[in-house]
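Engineer: Right, I'll just put the structure down here and ask away after.
The values are calculated or read from the model by the stated rules, or taken from the named source; none is laboratory data. Since the model is a prediction, treat every value here as computed from it, not as a measurement. A quick note on method: Cβ atoms are made from the backbone with ideal geometry, for glycine too, and the neighbour counts reach across all protein chains shown. Surface areas here come from the heavy atoms of the whole protein model, side chains and all, with no ligands, DNA or RNA. Shrake-Rupley method; radii C 1.70, N 1.55, O 1.52, S 1.80 Å.
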Amino acid sequence: MDRVALAWVALFWLTAMAEGLQVTVPDKKTVAMLFQPTVLRCHFSTSSHQPAVVQWKFKSYCQDRMGESLGMSSPRAQSLSKRNLEWDPYLDCLDSRRTVRVVASKQGSTVTLGDFYRGREITIIHDADLQIGKLMWGDSGLYYCVITTPDDLEGKNEDSVQLLVLE
């Protein structure tokens, strides 16, 4: 009986080691109101015993998403996305064609805000959730939760959530 239990423990440990770092954002799309607080959730698992570095990055939409939310998306974007169902005109563009910036980073208990976000009520709570105290107009976009560990380099180290801020 002990051998069977030991075999299961070994198999479980090897499976966890093989998977490596796994990052998931449970809510892929979040809609929130202007000037209200929000929390963008991020979960991760790792086989590392070293502390993880958590970083949240912001990427603006490729096109203004407000028109779509009000039912006024552009005919060009509609025709292009009908041709290629995998392509999203709001999400799929080169980073050089949009704004990309670091929102916040956390190492241990120390949270550091990116330059653009200094002075705002923003922090990383729990293990990796991004808490924004008061949403602003420019906060609509994609938020990437990126986890780095020094000794767990395999697996999926990031995931993203779309945030749409409405008036």
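Engineer: Could you list all residues from segment 54-87 that are open to solvent by 50 Å² or more (accessible area, probe 1.4 Å) and at pLDDT 75 or above?
Structural biologist: Of everything in segment 54-87, those that are open to solvent by 50 Å² or more (accessible area, probe 1.4 Å) and at pLDDT 75 or above turn out to be Lys57, Gln63, Glu86, Trp87.
Engineer: Looking only at segment 116-125, how many residues end up being open to solvent by 80 Å² or more (accessible area, probe 1.4 Å) and either touching a His at 6+ places or on another chain (Cβ under 9 Å) or closer than 13 Å to Arg101 by Cβ (or both)?
Structural biologist: Going residue by residue through segment 116-125, those that are open to solvent by 80 Å² or more (accessible area, probe 1.4 Å) are 116, 118-119, 121.
This time we only want the ones that are either touching a His at 6+ places or on another chain (Cβ under 9 Å) or closer than 13 Å to Arg101 by Cβ (or both), so: 116, 118.
Residues in segment 116-125 being open to solvent by 80 Å² or more (accessible area, probe 1.4 Å) and either touching a His at 6+ places or on another chain (Cβ under 9 Å) or closer than 13 Å to Arg101 by Cβ (or both): 2 in total.
Engineer: Of all residues in segment 36-53, how many are out of contact with any Cys (no Cβ under 6 Å at 6 or more places or on another chain), under 21 Å from Ser140 (Cα atoms) and crowded, with 16+ Cβ neighbours inside 10 Å?
Structural biologist: Total meeting the criteria: 3.
Engineer: In segment 126-165, what residues are open to solvent by 40 Å² or more (accessible area, probe 1.4 Å), at pLDDT 95 or above and either among the hydrophobic types (A, V, I, L, M, F, W, C) or over 17 Å from the mean Cα position of the chain (by Cα) (or both)?
Structural biologist: Correct list: Lys134, Met136.
Engineer: When segment 116-153 is examined, which residues are found to be without any contact (Cβ under 8 Å) to a residue 40 or more places away in the chain, outside any loop (DSSP other than H, G, I, E, B) and on the phi > 0 side of the Ramachandran plot?
Structural biologist: Result: no residue meets the conditions.
Engineer: While we're on this one: Restricting to segment 105-115, count the residues that are open to solvent by 40 Å² or more (accessible area, probe 1.4 Å), free of Cβ contacts under 8 Å to residues at least 24 places away in the same chain and either among the hydrophobic types (A, V, I, L, M, F, W, C) or outside any loop (DSSP other than H, G, I, E, B) (or both).
Structural biologist: Of the residues in segment 105-115, the ones open to solvent by 40 Å² or more (accessible area, probe 1.4 Å) are 107-112, 115.
Keeping just the survivors that are free of Cβ contacts under 8 Å to residues at least 24 places away in the same chain gives 109-112, 115.
Filter once more, so that each one left must be either among the hydrophobic types (A, V, I, L, M, F, W, C) or outside any loop (DSSP other than H, G, I, E, B) (or both): 110-112, 115.
Count: 4.
Engineer: Something else about it: Has segment 14-21 got at least one residue that is farther than 26 Å from Cys145 by Cβ, at pLDDT below 90 and outside any strand (DSSP E or B)? Break it down stepwise before answering.
Structural biologist: Within segment 14-21, the first condition is being farther than 26 Å from Cys145 by Cβ, and the residues that meet it are 14.
Right, trim to at pLDDT below 90 and you get 14.
Narrowing further to those that are outside any strand (DSSP E or B): 14.
Checking segment 14-21: at least one residue is farther than 26 Å from Cys145 by Cβ, at pLDDT below 90 and outside any strand (DSSP E or B).
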